[in-house]
Amino acid sequence: MNSTDAAKPAKGLFIRTYGCQMNVYDSERMRDVLRPLGYAPVDGPEDADLVVLNTCHIREKATEKVYSELGQLKRMKEASGGRMTIAVAGCVAQAEGEELIRRQPAVDLVLGPQAYHKLPEMIARVSRAIGDRLETEFETLEKFDALPKAREVDGPAAFLSVQEGCDKFCTFCVVPYTRGAELSRSVDDIVAEARGLAAQGVREVTLLGQNVNAFHGAAPVLEGGADWTLGQLCRHIARIGGIDRIRYSTSHPRDMDDDLIAAHGDTSAMMPFLHLPVQSGSDRILKAMNRGHTAADFHEIIRKVRAARPDIGLASDFIVGFPGETDEDFEATLDLIRETGFATAYSFKYSKRPGTPAAEMFGQVPEDVKDARLQALQSLLRDQQTAFNASCIGRTMDVLVTGKGRRPGQIHGRSPYQQAVHFEGPESMIGQIASVRMIDSSMNSLTGECVSVREDAA
């Protein structure tokens, strides 16, 4: 590189990410593909040459946030003399591309979830012809194949996408329409990326997919044979030097097979934590949601998981106020929560997504009823989370140290159960795994004392 090249200022890139962990991963990869074009991250859109809104279409509120933000960006673009390029990516772009362009002409690019590897080409075309708005969609695996193999990581934990799409067609969900059919990466490609992450100091990987336990990726070329399942993949990744901890998200009860359950018990790198969305405890509502399982099916899965890994911590997702939900249906959900016991959970009021079957169902629940049910459900979940955290006091757990704490001399990390853990220690411990004895708890975190440090990755 000559001195002239070195003096070239970087073009500012600002990515706003909405929604799920998959979107976080996709945003990281967009940053990767734009880096060779001279784009560098900036702290806010006002300093950006390119602004990307990576959107989520799961809930109506998220969609409206996108339109609100676009209005603000339009004013910034006008103030910059048109210098700013605005791109909308992700699920809202896929579902509402035409509407986006109609409602907000300041948008330069609209691209669906599988087109991120085409960003350089699309940006180049926009720079040559301002106003050339593109809507492009490509096969999922083509996206994965075209992405740069090298990744820039930030910290000792990283997401690793292994699967995209969903074939379940839950009646409330737009993912099958915006992300397409279930497709999985090959085991060799995943392992190559995991090795690259480990070489950069990553100790923990979270395997991602819209329906991650539906993973069926091509077996390693040297082994051949049938496609591998997620349990096989987890065991394989666990053998990579440097990878000490493995998680996966988000799973579906219908794909929770016995081999994956067994892997929780026979693979020490798999964290004792399972996020398994159930959505409702009422069989009638589960059928209306087209979930393909019953409450009894869910309980049986949990029984098997706990038999394989007795110290497992559980998380789930719940929707209250689904069309037709009665007081009795809601009480069945509370009963499922009481019977199961969760370390943490995520809960939402049902919101209509245009184009989904549930949006046209009879028996839409009034907002005040949704509000009351959500408050009751979240109160129960908060009590369970607080109790679970309190039960950890006195235990010594491995904590992956991820950063500095709020107070001088304090650092923080994540327990095997994804809890935030704060304790005294030097910053040099960041990236290491510490044995920490828990001495106090709150609903959202634990406080501990460092017992020892495992400095080298396994």
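A few points about this structure:
- Largest first, the three principal axis extents of the alpha carbons in region 314-458 are 58, 31, 30 Å in whole numbers.
- Region 190-213-region 332-375 distance, computed between alpha-carbon centres (Å): 33 Å
- Looking at the chain alone, DSSP beta bridges between its own residues are antiparallel in about 35 percent of cases.
- Theoretical FRET efficiency, 1/(1+(r/R0)^6), r = Cβ-Cβ of Ala262 and Ala372, R0 35 Å, to 0.05: 0.25
- Multiplying the residue separation of Asp335 and Asp383 by 0.36 nm and removing their Cα-Cα distance gives an extension gain of 15.8 nm.
- CD proxy at 222 nm, helix term only [per DSSP H run n ≥ 4: -39500 (n - 2.57); per residue of the chain; nearest 500]: -11000 deg cm²/dmol
- Contact order relative to length of region 216-277, as percent, for alpha carbon pairs under 8 angstrom and 6 or more apart: 33 percent
- Short-range pairs are left out: with C-alpha atoms under 8 Å and at least six residues apart, the relative contact order of the chain is 10 percent.
- Here Asp327 and Gln200 are evaluated by their C-beta separation; at R0 = 60 Å the FRET efficiency comes out at 0.70.
- Relative contact order (%) - criterion: Cα under 8 Å, at least six apart; region: region 275-340: 52 percent
- Calculated semi-axes √(5λ) of the Cα gyration tensor in Å (choose from (i) 44, 24, 20; (ii) 35, 30, 23; (iii) 47, 33, 21), label: (ii)
Since every read-out is calculated from the coordinates, none of them should be taken as a lab result. Treat the numbers as computed from the prediction; the structure is a model and nothing was measured. Virtual Cβ from ideal backbone geometry, glycine too; neighbours counted across all protein chains shown.
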